[in-house]
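The block underneath contains the structure these notes are about, expressed in structure tokens.
The values are calculated or read from the model by the stated rules, or taken from the named source; none is laboratory data. The structure presented is a predicted model; accordingly, all values stated were derived computationally and were not measured. FYI the Cβ positions are ideal-geometry reconstructions off the backbone, even for glycines, and counts take in every protein chain you see. Heads up: the accessible areas ignore ligands, DNA and RNA and are worked out on the full protein's heavy atoms, side chains in. Shrake-Rupley method; radii C 1.70, N 1.55, O 1.52, S 1.80 Å.
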2 protein chains.
Amino acid sequence: MTVTLDPTDWLILAELQRDGRVPFTELGRRVSLSASAVTERVRRLEAEGVITGYRADVDLAKAGFAVLAVVRLKYPGSRHEPLHRLLGERSEILECLRTTGDDCYTLKVAATSMPHLERLVDELAGFGSTTTSIVYSQTLPYRGPGLRNATPS
Amino acid sequence: MTVTLDPTDWLILAELQRDGRVPFTELGRRVSLSASAVTERVRRLEAEGVITGYRADVDLAKAGFAVLAVVRLKYPGSRHEPLHRLLGERSEILECLRTTGDDCYTLKVAATSMPHLERLVDELAGFGSTTTSIVYSQTLPYRGPGLRNATPS
DNA sequence: GGTTTGGCCGGTAATTCGCCGGTATATTCG
DNA sequence: CGAATATACCGGCGAATTACCGGCCAAACC
């Protein structure tokens, strides 16, 4: 399950999380390795599932989604398929974490306006009671989930 | 501030969020455009700040971070610099949203173990009262923040 | 001590990138 | 209304990068 990673692997991961499109030749330069060696390592990380993919980060506000919100959902039932179906349909739901505690789900949603957010929350409220917080600002903007520059301590 | 995007731009954004390393020639094929035209559009999206970068997605569990948690932080003071400094130092803090409501900050943190998480929460508790929930599972895994396939409605 | 294994290097062919001018359509302005 | 400009697209070219290959070296293993 867990993959053993040496310090060079962590360097590679940090670089690729900072710039997922850096050429292998430049990446090799940064981690003091040849292009072919670094390619081999990246391919191995991909094959082992440590790197699951590469994504472009989008500035949601610039793209027209002015409102970002955290919605906590207290979901009384045990049938989760309808909620999962909604997640697949509503691309405004950016993230969905199922957690311990009183609020079973923590969602991050993007909306173009307050009425838009209201509709989204209403849809979610069909599943259970919701607690919605508007996001003022997001620190570590658009780093996405991941690690930046450290090994597990 | 807001950039106007036509349907082709949305297609490009969706593709790049799904696979940020797709070659421009293949990307052009998928959105029915020539490689040079699609390159021009992507460069424009980058220059306008709609695309803020490209990141590799890492499977945290495979990388040794077995525990994912949501920590809500009630921060009584108004001096936010110390917290922001901590965010920059502790790369286990994956995401930090400042929100309305009783809990000023909502953080997503990764830890290698429960003792590790305990230490992180203790550090955060130095700023205010915390509410921690362990993440069972993450739906929409590794799509990262962003949009998938829809235009703002 | 010989063999095997794993990781790295360098070279080469194929692909892709970055940049160029040229063209067609839409827009603006005289 | 017609001409000039602007915008977006296309194709092609050289440079850079990628993918793939065999060979090398050191550590591990028998």
Problem - Condition broken by A:Ser91, with the remaining ones in (1) open to solvent by 30 Å² or more (accessible area, probe 1.4 Å); (2) at the interface with chain B (Cβ under 7 Å from one of its Cβ atoms) satisfied - result: (1)
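Among A:Leu27, A:Leu16, A:Leu68, which is farther than 28 Å from A:Val135 by Cβ and of a type in the set (A, V, I, L, M)?
None of the other options fit; the residue is A:Leu27.
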Exercise for the section: Read through the list (1) farther than 30 Å from A:Tyr136 by Cβ; (2) within 16 Å of DNA strand C (Cβ to nearest atom); (3) within 12 Å of another protein chain (Cβ to nearest Cβ), then give the number of the only condition that A:Tyr54 fails. Expected result: (1)
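When you check B:Val38 against the structure, is it more than 21 Å from A:Ser91 (Cα to Cα), more than 14 Å from DNA strand C (Cβ to nearest atom) and open to solvent by less than 10 Å² (accessible area, probe 1.4 Å), yes or no?
Details: more than 21 Å from A:Ser91 (Cα to Cα): yes; more than 14 Å from DNA strand C (Cβ to nearest atom): no; open to solvent by less than 10 Å² (accessible area, probe 1.4 Å): yes.
The answer is no for B:Val38.
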Fill in the blank from the handout: Condition set more than 14 Å from DNA strand D (Cβ to nearest atom) and loosely packed, with under 15 Cβ neighbours inside 10 Å, scope region A:5-31, selection farthest from A:Arg55 (Cα to Cα): answer is A:Pro7
Fill in the blank from the handout: Inside region A:70-88, the number of residues satisfying the requirement of being surrounded by 22 or more Cβ atoms within 10 Å (Cβ to Cβ) and facing chain B (nearest Cβ under 8 Å) is 1
Practice task
List every residue pair whose Cβ atoms lie under 9 Å apart, where the two residues are 6 or more positions apart in sequence or sit on different chains, the first residue falls within region B:32-43 and is more than 6 Å from DNA strand D (Cβ to nearest atom) and small (Gly, Ala, Ser), and the second residue, located anywhere, is open to solvent by 80 Å² or more (accessible area, probe 1.4 Å) and at pLDDT below 95.
Solution key: B:Ser32/B:Leu11
Practice task
Please work out which one of (1) over 21 Å from B:Gly64 (Cβ atoms); (2) crowded, with 16+ Cβ neighbours inside 10 Å; (3) among the aliphatic types (A, V, I, L, M) is the condition A:Leu45 fails and give its number.
Solution key: (1)
